[in-house]
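I have placed the structure first, in the form of structure tokens, so that the comments after it can refer back to it.
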Amino acid sequence: MLRDKSILITGGTGSFGNTFVPMTLEKFNPRKIIIYSRDEMKQWEMAKLFQGDERVRFFIGDVRDRDRLHRALDGVDFVVHAAATKIVPTAEYNPFECVKTNINGAMNLIDVCIDKGIKRVVALSTDKASSPVNLYGATKLVSDKLFVAGNSYAGGHETRFGVVRYGNVMGSRGSVIPFFMSIKDKGVLPITDERMTRFMISLEQGVELVWHAFEDMQGGEIYVKKIPSMSVIDVANAVSPEAEKKIIGIRPGEKLHEQMISAEDAMYTYEYPEHFKILPVINNWSLDPFRIKDGKKVQEGFVYASDNNAEWMSVEALRAWITVNHEKIGQI
């Protein structure tokens, strides 16, 4: 589907973009991939990695700027929306800024994609959008709802919107694994709560989920990857088994466990071999056989959370992953 097409990724200099771009170039050979973001230094550094590859373009801009989006999306076929204000404590203390990017930015992108006739748009979501308890999660829930409703809003236009949702990305910049690795030599690793659990997904798995969404979506679906869980204590032991584990308490807006499908979502959720799919509530789309396909309806009251997961990653498995990926952990 993406072969010889033009793709734009908002927030493309982040962890996801740095993985999506080389994987997509290799697998699909698109005509071009446009990195749309507001940080010129990150673009400068990323451009060095693709020097000489005319398929990779860079475009300075902000999703808050509707006119700039209108210019950037000219001639684009597919869009991945990765731009977001996503650090939980930062959002708690700067709520207006989070709303401007995560909600207003989503509205701008939806409007312009419809106007420009973009074929497919996949927005990245987060576990924090399911039963949100912090501002970041609340804004992403609104964003998810906007992208789902965008399919109805598009009317007779061909643009279709979908969402992918996943939890903690292993080794991404600012996440717990590189943080623990950066301070392990001090002999003490801070643990917010010894009961805390997290989903574990690689960036490569996240990219593959976006590819699947582009291929499968009819419009309005939320795709949730099946991934293992780990306790934060086990993550710390994988990084440094000899370090002292010091309990420091949960940060403002932080959840004890990650959740990606709530009991309320379960009414519209179908299971597949490698993922779940939450179908849209509006327009009776949750009953559409073209959206359901070969899915199996989950049980009433089903909740997909990191503490009730059927699959768990062992300390040994994470330690092996760290060994293989050591050089790139925390770099993207």
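Residues of segment 158-170 that are of a type outside the set (Val, Ile, Thr), over 18 Å from THR197 (Cβ atoms) and either buried (at least 24 other Cβ atoms within 10 Å of the Cβ) or at pLDDT below 90 (or both): PHE161, GLY162.
Would you pick out the residues in segment 73-89 that are part of a loop (DSSP other than H, G, I, E, B) and under 11 Å from ILE118 (Cα atoms)? Result: LEU73, ASP74, GLY75, VAL76, ASP77. Within segment 282-310, the set of residues being within 15 Å of MET217 (Cβ to Cβ), free of Cβ contacts under 8 Å to residues at least 24 places away in the same chain and within 24 Å of the chain's Cα centre (by Cα) comprises SER286, ILE292. Here segment 79-111 is the region considered, the condition is being surrounded by fewer than 22 Cβ atoms within 10 Å (Cβ to Cβ), among the hydrophobic types (A, V, I, L, M, F, W, C) and in contact with a Leu (Cβ under 9 Å, 6 or more places away or on another chain), and the residue that is farthest from VAL163 (Cα to Cα) is VAL88. Scanning segment 24-53 for residues that are under 24 Å from ARG66 (Cα atoms) and over 21 Å from the mean Cα position of the chain (by Cα), we see that the one that is surrounded by the most Cβ atoms within 10 Å (Cβ to Cβ) is LYS32. The set of residues in segment 207-233 that are touching a Leu at 6+ places or on another chain (Cβ under 8 Å) and in a helix (DSSP H, G or I) comprises VAL210, TRP211, PHE214. In segment 273-283, the count of residues that are farther than 15 Å from VAL164 by Cα and in a helix (DSSP H, G or I) is one or more.
Only one entry in LEU135, LEU124 is touching a strand residue (DSSP E or B) at 6+ places or on another chain (Cβ under 7 Å) and either buried (at least 20 other Cβ atoms within 10 Å of the Cβ) or farther than 18 Å from GLY220 by Cα (or both), namely LEU124. Residues in segment 80-113 that are touching a Cys at 6+ places or on another chain (Cβ under 6 Å) and of a type in the set (A, V, I, L, M): ALA91 alone.
The values are calculated or read from the model by the stated rules, or taken from the named source; none is laboratory data. Just so it is clear, the structure is predicted and the values come from calculations on it, not from any experiment. When we count neighbours, we look across all protein chains shown, and the Cβ atoms used for this are built from the backbone with ideal geometry, even at glycine.
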